[in-house]
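Visitor: I have a structure I would like to understand better, so I am pasting it below and will then ask my questions one at a time.
The values are calculated or read from the model by the stated rules, or taken from the named source; none is laboratory data. All figures in this text were calculated on a predicted structure; none of them were measured in a lab. With ideal geometry, Cβ positions are generated from the backbone for all residues, glycine too; neighbour counts draw on all protein chains shown. These area figures cover heavy atoms from the full protein model, side chains too; ligands, DNA and RNA do not enter into them. Shrake-Rupley method; radii C 1.70, N 1.55, O 1.52, S 1.80 Å.
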Number of protein chains: 2
Amino acid sequence: MSDDYNTAIESPCRDGKFPPDSVGLVQTQYVTLFEPPNVLTLDCGATLGPIQVAYETYGTLNEDRSNAVLICHALSGDAHAAGYHTPNDRKPGWWDIMIGPGKGIDTNRYFVICSNFLGSCKGTTGPGSINPETGKPYGLSFPVVTVGDMVRVQRELIRYLGIEQLLCVIGGSLGGMQALEWATRYPKQVRGSVLIATSYATGAQQIAFDAVGRNAIQADPNFNNGDYEPGKGPRKGLSVARMMAHITYLSDESMRQKFGRKLRYSDRFGYHFDSEFDVETYLDYQGEGFVNRFDANSYLYVTKAMDYFDISAGFPSLDASLARVEGRTLVVSFTSDWLFPAYQSREIVYALARTGRDVSYCNIQSDYGHDSFLLDVPALRRLIRGFLHNLLTPKEPCPVCESPCPTRQDTAQDGNNIFSGRHRIDYDTIAELIEPGSRVLDIGCGSGELLCKLIRSKNIRAVGLEVDEEAVIRCVESGISVIQADIDKGLSALPARLFDYVILSMTLQVLEFPRFALCEMLRIGQRCIVSFPNFGHWKARVAHFFQGRAPVTPILPYNWYDTPNRHVVTIKDFRDFCKQFNFQIVREIPLNERGTVRLLPNLLADEALYVLENSGNTPSAQASVSIAE
Amino acid sequence: MSDDYNTAIESPCRDGKFPPDSVGLVQTQYVTLFEPPNVLTLDCGATLGPIQVAYETYGTLNEDRSNAVLICHALSGDAHAAGYHTPNDRKPGWWDIMIGPGKGIDTNRYFVICSNFLGSCKGTTGPGSINPETGKPYGLSFPVVTVGDMVRVQRELIRYLGIEQLLCVIGGSLGGMQALEWATRYPKQVRGSVLIATSYATGAQQIAFDAVGRNAIQADPNFNNGDYEPGKGPRKGLSVARMMAHITYLSDESMRQKFGRKLRYSDRFGYHFDSEFDVETYLDYQGEGFVNRFDANSYLYVTKAMDYFDISAGFPSLDASLARVEGRTLVVSFTSDWLFPAYQSREIVYALARTGRDVSYCNIQSDYGHDSFLLDVPALRRLIRGFLHNLLTPKEPCPVCESPCPTRQDTAQDGNNIFSGRHRIDYDTIAELIEPGSRVLDIGCGSGELLCKLIRSKNIRAVGLEVDEEAVIRCVESGISVIQADIDKGLSALPARLFDYVILSMTLQVLEFPRFALCEMLRIGQRCIVSFPNFGHWKARVAHFFQGRAPVTPILPYNWYDTPNRHVVTIKDFRDFCKQFNFQIVREIPLNERGTVRLLPNLLADEALYVLENSGNTPSAQASVSIAE
């Protein structure tokens, strides 16, 4: 978590008033749960109770108690997610940037809850708490807790607050693990979950960093096997652990920009072993600050809970584990996060997609590493805001896009949609071809215009695939499930026959590996619908033949040097191609602006639409097409 | 450095014989240099002497003493780079995989020297050595040393060995820094240098990890301000430092493959804080092993030397600093190395290129992170072998490719060269256009066929640019300077007018951003030579017009779905394009298989060659073309 190193911040409270988008003054509340004999049985087999829980709430629970959003904090967080504890606080709660009136998690609309988790040291029972049986701090006699245990305690808190079902559980990093635990263990109690910069199971590198941190603490003689006075203990060891962990929360790029090789106190080297570089003194500051606000024993327990986390444990597969999810899921990663790399998010996304669960995914471009989820990243704010809106009131106008349904014509910013402004005649034809209630994947879905049309007219179960971040965010804002992915890299994570229809409308020509894409589509779909601009149209031929130029036509409107189209194909080419590779053509629909073309299609149609089926002996994409990753 | 964790290795010595590609039994030698009063003045201002230096040599110095190769080791290395100290050694020297008869650094051809550097604890004077003035170990009274100091000591050793000039200095990581120091500080004494997985200046993230390691050592009460008995001292602190550093030497991918979430001793969690996961016990092993072979004080000194390293310090710019280099340079990085990322290698490469120095660069595809340079990576072996060969005997047949000069016809494996097998008529034309002795950049140079032709016929100063790793390696093997880079990402690192000619032969059509590329070419070159297949050729037009197909012709030999060509362009299009963007056409040479086409070029030429000049008002590439990075 970023601290205000280098800058003196004054309280934003002026004349007793906080900024209008702040939840203002808040208070941490405490409740004691699991009073004996109703103690909690932990994953390790031990029992624990009573358990004190620290929590805060912001906003108002609505009448039908349907607007509760639970925030799960990360390793060193606490219940104080937003607002200020006193008018003199220089800093607000740890996720104030996201939570407040009109913010990403809008406290005018949602009742927001954040509780400190079990095993921590911020008000909820942990190893630093007094063991009622001995009258002394638990220390290492505190039982080892898991993410599952943390969530059990949160669930009891929610019950205590009188909430049956959460609108959403949101968390980043270790908080995302809790959110995933919620969504799988209590699926009926969670309408949606947002998993940010997290993983379904802690990986080897993450465990390694955690283990080194624990070693640093345990190596400190003041650790004394966990038996130290509050506020004392292994301060140096904990500081080293935190300094190292802090590096993993940043990115090489952000450290380069922030610190570079700047010296802190001098313009020349001191030739000694004290901290000299700016980055060294920054880490010293982080380490010292952390030691004053966090307990070393809790650090052991919390990192251990993280290392133990594996949502697939006890299940035959990850898919079987995630198949329990019933609500919608939004998964978010950050391009520069190397502690929880994007592939770990994608593992969750594709497991949910494979089991037919409703999942959206965005890999946000950001230089700020793992810490991005705590910083002011507009894309994250829009994604969460849009996702929550569609969870609570899917049919109401979204306050973000102010559109009752995603019929937006403005697709100019879409990465791959090169037909902005043009009436998409192929959309109407595609709509006619789709059976109501089908499962449909639209590859290169842009902002979701076609899928929205199909949802309204055919009540399909829609999933979009899109490369462009802005388009992905718009889909989520519009309530359309979308996965950020590049078809040119394949869809090997998805199983055969997952969809009734896979659509590739006016996108074939921009792909790097069109044959590979069609193989993949015919594998994962029962039927494929493909449309493309017909390079065989007479205008294209005439421009080429008589003028001796690379054709520029209404449907191929680009100059040779700035076209996004990598491949030009005619109807005749496409027929041959399907024959050669055993793609069975079920229907061929040549189109121009007035509709279907019946005569001389290769000459008169400016686009062509095909319905394809797998003939059963299509060579598998992997086997037949070699691609560069 | 990887250790043989998990595997019991027996000595490879059988019947008193080592494998034929081993240098066999070797001995570390010791020499005392800088005897008072001829002591060494260090960068910090202190003086030091006498200095004992530990070193090993392999192979034989030739008569004219021109075949000496100096190996510089990394942080924890030593003089024992190859072979075995006893017949019972289970493990050979740290770079035995690279050094030996017939290996990458062939001891049949080269006289190889490796010395332990100043400040270490492996035989050369360091903080653990006895201070002759006090009769006690130096401890922290040892002066802080720099990479410059290390190299001063190496230079004295080389002089002692009677060598005036080194054929090559080779090093990875901190060893690469020493090699770069050699090449810049003693340019006349270095004919070539190989800089592997290194940086011209330690960056913020690297300093941060080093600083945390030092903190871990200094936090250990047994550190006692560096005053501890040999073999004792801050064992726990040093172990923590090493465990953390070890993570940075691997990659997430390699840790995932090697350890995953495997438990070491059980199939279920122990719910305690001892090491349980395989990766934890592996790190314990690494930490413990390191403590037994390395001195904590040395760890402080060596990491500090690394943090201080900045070859540009004291110079107005990096370019001014690297302009001192006179020999040839090979720079190598690894795709998965996140401790010394590829961009740090590229900073060196482009600074050398900007100042007209002879530099080659390859970013080797490898999953093994920073440690890749110590592992069996065939591409690295080939690069070093080829580079050394061309340093020593540029005109002799290379034992690798067995070719006296790179005239190989076999370009089938080249990434971008799509004209394999076809006689390149444009090559002859290009050769006629080039002034003798010019500076020439060939973009998409493949294995260097055209450049080789130009070197032989026009004695040009040639640099190639190529995306494909295999082609880059072949260029280096053939003695052609080549930089692995993608023109689609721009050449903003290179200054205006660096080359007399920039060539883009039959590559324009495969680029993503051809206009951007031409802007860049016209910026960095006085003149550009561009050739491309002419889509206006009658065969292409006829196929399109009459057959209604995307043309497949001898010069456009691909089907629509598997063509690497992203852009089709005719002669007429290209003329318009040049006019529109103020690219001045100096010459237009339409070609077909029989030579220049004089009549109806757009109809009859199957390729076209242009000489372009910057008219002076070409919009800059950055300003006019937006590209996706």
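Visitor: Quickly estimate the mean residue ellipticity at 222 nm for chain A, helices only: each DSSP H run with n ≥ 4 gives -39500 (n - 2.57), and the total goes over all residues, rounded to 500.
Guide: -9000 deg cm²/dmol
Visitor: How much length is gained if the chain between B:ASN62 and B:LYS188 is pulled fully straight, taking 0.36 nm per residue apart and subtracting their Cα-Cα distance, in nm to one decimal?
Guide: 43.4 nm
Visitor: Considering only DSSP beta bridges whose two residues both sit in region A:29-382, what percent are antiparallel, to the nearest 5?
Guide: Roughly 35 percent of the DSSP beta bridges within region A:29-382 come out antiparallel.
Visitor: Within 10 Å of each Cβ in peptide B:199-206, how many partner chain Cβ atoms are there on average? Round it to a whole number, please.
Guide: Per residue, the average neighbour count from other chains is 5.
Visitor: Working from Cα positions, state the angle (0 to 90°, nearest 10) between the long axis of helix B:235-249 and the longest principal axis of chain B.
Guide: 10 degrees
Visitor: How shielded is A:565-571 by partner chains, expressed as the average number of their Cβ atoms within 10 Å of its Cβ atoms?
Guide: 6
Visitor: At 1.4 Å probe size, with no ligands or nucleic acids counted, give the accessible surface of A:THR86 in Å², nearest ten.
Guide: The value for A:THR86 is about 50 Å².
Visitor: Please list, in chain and number order, the residues 5+ apart from A:GLN52 or on another chain whose amide H is under 5 Å from its amide H, with Hs placed from the backbone.
Guide: A:LEU33, A:THR125
Visitor: Let me ask something else. State, as an integer percentage, the relative contact order of chain B based on alpha-carbon contacts under 8 Å between residues 6 or more apart.
Guide: 9 percent
Visitor: State, to one decimal in nm and shortest first, how far the label point of A:LEU599 sits from each corresponding label point in the other identical copies (label point: 7 angstrom along Cα-to-Cβ).
Guide: 3.9
Visitor: Also, I was wondering about something else. Within region B:215-309, what is the number of lysine pairs with alpha carbons under 27 Å apart, leaving out pairs fewer than eight places apart on the same chain?
Guide: The number of close lysine pairs in region B:215-309 is 4.
Visitor: Per residue, how much accessible surface does chain B expose to a 1.4 Å probe? Answer in Å², no decimals.
Guide: Counting only protein heavy atoms, the per-residue value for chain B is 37 Å².
Visitor: Using a ≥ b ≥ c from the Cα gyration tensor of region B:332-394 (square roots of the eigenvalues), is it rounded, prolate or oblate, where a/c under 1.5 gives rounded and otherwise the larger of a/b and b/c decides, a/b for prolate?
Guide: Oblate, since a/c reaches 1.5 and b/c is not below a/b.
Visitor: Under 23 Å Cα to Cα from A:LYS188, which lysines show up? Leave out anything in the same chain fewer than 8 places away.
Guide: The reachable lysines, counting only those whose Cα sits under 23 Å from A:LYS188, are A:LYS395.
Visitor: Which value in nm describes the separation of the simple spin-label points at B:SER317 and A:LYS489, placed 7 Å from the Cα toward the beta carbon?
Guide: 3.6 nm
Visitor: Continuing with this model, one more query. Please state, rounded to one decimal and in Å, the Kirkwood hydrodynamic radius that chain A gives when every pair of distinct Cα atoms enters the mean of 1/r.
Guide: 26.8 Å
Visitor: I need the phi-derived Karplus couplings for region B:200-209: 6.51 cos²θ - 1.76 cosθ + 1.60, θ = phi - 60°, integer Hz, Gly and Pro marked x.
Guide: Those phi angles translate into 7, 7, 4, x, 4, 5, 5, 4, 4, 5 Hz.
Visitor: Helix B:571-580 sits at what angle to the longest principal axis of chain B, using alpha carbons and giving 0 to 90 degrees rounded to 10?
Guide: So the inclination is approximately 70 degrees.
Visitor: A further question follows. Going 7 Å from the Cα of A:THR47 toward and past its Cβ, which residues in region A:96-137 have a backbone nitrogen under 18 Å from where you end up?
Guide: A:131-134
Visitor: Sort largest first and round to whole Å: the equivalent ellipsoid semi-axes of region B:279-319, each the square root of five times a Cα gyration tensor eigenvalue.
Guide: Semi-axes (√(5λ), whole Å): 34, 13, 5.
Visitor: Using a probe radius of 1.4 Å on protein heavy atoms only, what is the accessible area buried between chains A and B, both sides summed, to the nearest 100 Å²?
Guide: The summed interface area works out to 7700 Å².
Visitor: In the neighborhood of A:SER254, defined by Cβ-to-Cβ distances under 12 Å, what is the net charge if each Lys or Arg adds +1 and each Asp or Glu adds -1?
Guide: -3
Visitor: Summing +1 for each Lys or Arg and -1 for each Asp or Glu, what net charge is found among the other residues whose Cβ lies under 10 Å from the Cβ of B:VAL169?
Guide: Around B:VAL169, the charge tally is 0.
Visitor: So how exposed is B:CYS362, as accessible area in Å² (1.4 Å probe, rounded to 10)?
Guide: Probe radius 1.4 Å; accessible area of B:CYS362 about 0 Å².
Visitor: Further question on the same structure: Output, in nm with one decimal and in ascending order, the distances from the B:PRO221 label point to the matching label points of the other copies (7 Å from Cα along Cα-to-Cβ).
Guide: Nearest to farthest, the other copies are at 0.2 nm.
Visitor: A further question follows. Kindly write out, for region A:471-477 in residue order, the coupling ³J(HN,Hα) from the Karplus curve 6.51 cos²θ - 1.76 cosθ + 1.60 (θ = phi - 60°), rounded to whole Hz, with x marking Gly and Pro.
Guide: 5, 4, 4, 5, 4, 4, 4
Visitor: Taking the Cβ-Cβ separation of A:ASN292 and A:GLN29 as r and a Förster radius of 25 Å, what is the calculated FRET efficiency to the nearest 0.05?
Guide: 0.55
Visitor: Provide the percentage of antiparallel DSSP beta bridges, counting only those with both residues in the protein assembly as shown; round to the nearest 5.
Guide: Of the beta bridges lying entirely in the protein assembly as shown, close to 40 percent run antiparallel.
Visitor: Explain nothing, just compute: Karplus ³J(HN,Hα) = 6.51 cos²θ - 1.76 cosθ + 1.60, θ = phi - 60°, for every residue of region A:483-488 in order, whole Hz, x for Gly and Pro.
Guide: 10, 6, 6, 10, 4, 5
Visitor: When each copy gets a label point 7 Å from Cα toward the beta-carbon at B:ALA46, what are the spacings between them in nm, shortest first?
Guide: 4.9
Visitor: Related question: Using packing as a proxy for protection, rank A:538-546, A:273-281, A:116-124 so that the peptide with the highest average count of other Cβ atoms within 10 Å comes first.
Guide: Final packing ranking: A:116-124, A:273-281, A:538-546.
Visitor: Next up: Taking a ≥ b ≥ c as the square roots of the Cα gyration tensor eigenvalues, with a/c under 1.5 meaning rounded and otherwise prolate when a/b beats b/c, else oblate, which class fits the protein assembly as shown?
Guide: Taking the square roots of the gyration eigenvalues as a ≥ b ≥ c, the protein assembly as shown is oblate.
Visitor: OK, next. Does region A:34-186 classify as rounded, prolate or oblate by the C-alpha gyration tensor (a ≥ b ≥ c root eigenvalues; a/c under 1.5 gives rounded; else a/b over b/c gives prolate, otherwise oblate)?
Guide: Prolate, since a/c reaches 1.5 and a/b exceeds b/c.
Visitor: Further question on the same structure: How many partner chain Cβ atoms sit within 10 Å of a residue's Cβ in peptide B:229-240, on average, as a whole number?
Guide: Neighbouring Cβ atoms belonging to other protein chains average 3 per residue here.
Visitor: Give me the dipole magnitude in Debye, nearest 20, for the protein assembly as shown about the Cα centre, with unit charges on the beta carbon: positive for Lys and Arg, negative for Asp and Glu.
Guide: With only Lys, Arg, Asp and Glu charged at Cβ, the dipole is about 2320 debye.
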